[in-house]
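J.: After the structure tokens below, expect a handful of questions from me.
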Amino acid sequence: MSIVTSQQLTRYYEQYKSTDVTFNKQVSTALGLVAKGVYLKIQDRQLPCMVFSSSMASARVIASVPSAVMLVLKQANNRLALRWCFKLPEKVEPITFFVTCRPTGFTHYAVQGPDVHFVTLEFTQRPPDDLIQILGSLLEANSNAQRRKDERIIVTPETMKKLGLESREAALLVEGRSRKCVLRDLSFSGAQVVVSGSAEAFTNRSVSLKFSRSDQVPEMTIPATVRRVEEAGGRKDILAVSMEYSSTPPMSYKLLINSYVSTIRKAAQDAQKAQGQTAPEASAPTAPAESAAAEPPAPASPGPEFPVEGDITEDADGKNPTDG
């Protein structure tokens, strides 16, 4: 997760304060929610619960609330706290924090038993910055995935650091066969890779792009359709394959792309601030736009040529895309 400024946190809070995030499996995994570390604290009691949804102003949880706990809650003047726990990629240990709340509703969740309830919680004050950043980054990623879906990020050693990628290596799955490839550019809606093979093996095929930010993070597999295949560096056996994602990318991928967009925006704002100017919203550096008269555009069409010295032999990590 990229570093955010106090101004950005304020913007997140003002823009997304009442927007609910449903904690399904994909969202919980992408955000690093540690479910076992989440509970309600009522005086000295810890009541296990499961987060169903949350905004920056309220939350809904599922918890077993027997009559004895209801009595304790009444004695506490309906004061409680929701304890959150997240494991973020850049931190060794999970982060935890409490959000003070008051319950505004109990709805029986009879499927699980008579004491199980949907509990609606209203935050009694602005939540900690960690929660604002976590939810705000996700909501911003969803927004940018629509507004900036075709902006391409050229994958270089410099942009890899901002993306949090440890390697450009990836795999392209074609008809059940995995082919090693090298990431060339990424966007919210597609990608381009360099791979060895014949054009016929990829043209108009349904494929899946598979890669991971690091060895410690689960791989992402994104279904796609090949929109363009071109020779790269004058080699007929080395191809630049452009693809458009055929389904919504996983939340972890959106957060990956958005972390770069946010980093670039912050750098632009810092530079403008240093010059005493008001910084406009900056967009991520992208490859030049193609002519409208060209063939139907691909969301991840070719950018600058793959870095070479006369021939394509190695990528930025010293890896040859044709190596087995």
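The values are calculated or read from the model by the stated rules, or taken from the named source; none is laboratory data. The model shown is predicted, which means the values in this text are computed figures rather than measured ones. Cβ sites come from the backbone with ideal geometry, for glycine too, and all protein chains shown count toward neighbours.
J.: Quick one: which helices (runs of 4 or more DSSP H) sit completely within the stretch 64-180 and have at least 1 residues that are in contact with a Ser or Thr (Cβ under 9 Å, 6 or more places away or on another chain) and surrounded by 15 or more Cβ atoms within 10 Å (Cβ to Cβ)? Break it down stepwise before answering.
T.: Working: elements: 67-75, 129-147, 157-163.
Once the helices (runs of 4 or more DSSP H) in the stretch 64-180 are filtered for at least 1 residues that are in contact with a Ser or Thr (Cβ under 9 Å, 6 or more places away or on another chain) and surrounded by 15 or more Cβ atoms within 10 Å (Cβ to Cβ), what remains is 129-147, 157-163.
J.: Still on this structure, I have one more. Scan the stretch 203-235 residue by residue and report those that are of a type in the set (Gly, Ala, Ser) and either modelled with pLDDT of 95 or more or on the phi < 0 side of the Ramachandran plot (or both). Quick ask: steps written out before the conclusion?
T.: First, pick out the residues of the stretch 203-235 that are of a type in the set (Gly, Ala, Ser): 206, 208, 212, 214, 224, 232-234.
Ser206, Ser208, Ser212, Ser214, Ala224, Ala232 - these are the residues of the stretch 203-235 that are of a type in the set (Gly, Ala, Ser) and either modelled with pLDDT of 95 or more or on the phi < 0 side of the Ramachandran plot (or both).
J.: Of the residues Val119, Val92, which is of a type in the set (Val, Ile, Thr) and free of Cβ contacts under 8 Å to residues at least 40 places away in the same chain?
T.: Going through Val119, Val92 in turn, the sole match is Val92.
J.: While we're looking at this one, here's another question. Looking only at the stretch 236-252, decide whether some residue is surrounded by 15 or more Cβ atoms within 10 Å (Cβ to Cβ), among the small types (Gly, Ala, Ser) and at pLDDT below 85.
T.: The answer is no, given that none of the residues of the stretch 236-252 is surrounded by 15 or more Cβ atoms within 10 Å (Cβ to Cβ), among the small types (Gly, Ala, Ser) and at pLDDT below 85.
J.: Could I ask something else about it? Considering the stretch 30-47 alone, what residues qualify as being surrounded by 14 or more Cβ atoms within 10 Å (Cβ to Cβ) and more than 16 Å from Glu122 (Cα to Cα)?
T.: The answer is Ala30, Leu31, Gly32, Leu33, Val34, Gly37, Val38, Arg45, Leu47.
J.: Can you tell me which condition Arg177 does not meet? The list is (1) modelled with pLDDT of 95 or more; (2) farther than 19 Å from Ser247 by Cα, and all the others hold.
T.: (1)
J.: Another question, if that's okay. Of all residues in the stretch 67-104, which are touching a strand residue (DSSP E or B) at 6+ places or on another chain (Cβ under 7 Å) and either farther than 22 Å from Ser55 by Cα or of a type in the set (Ser, Thr, Tyr) (or both)?
T.: If the condition is that a residue be touching a strand residue (DSSP E or B) at 6+ places or on another chain (Cβ under 7 Å) and either farther than 22 Å from Ser55 by Cα or of a type in the set (Ser, Thr, Tyr) (or both), then Val69, Val72, Leu73, Ala76, Thr96, Thr100, Thr104 are the ones that fit.
J.: State which residue pairs qualify: first residue buried (at least 17 other Cβ atoms within 10 Å of the Cβ) and inside the stretch 188-210, second residue of a type in the set (Phe, Trp, Tyr) and assigned to a loop (DSSP other than H, G, I, E, B) in any location, beta carbons under 9 Å apart, and separation of 6 or more residues or different chains.
T.: That search, which allows pairs on different chains as well, returns Val194/Phe306; Val195/Phe202.
Residue-wise test of (1) at pLDDT 95 or above; (2) touching a Pro at 6+ places or on another chain (Cβ under 7 Å); (3) hydrophobic (A, V, I, L, M, F, W, C).
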{"residue": "Ile95", "(1), (2), (3)": "yes, no, yes"}
{"residue": "Thr100", "(1), (2), (3)": "yes, no, no"}
{"residue": "Pro103", "(1), (2), (3)": "yes, no, no"}
{"residue": "Gln112", "(1), (2), (3)": "no, no, no"}
{"residue": "Thr124", "(1), (2), (3)": "yes, no, no"}
{"residue": "Leu138", "(1), (2), (3)": "yes, no, yes"}
{"residue": "Asn144", "(1), (2), (3)": "no, no, no"}
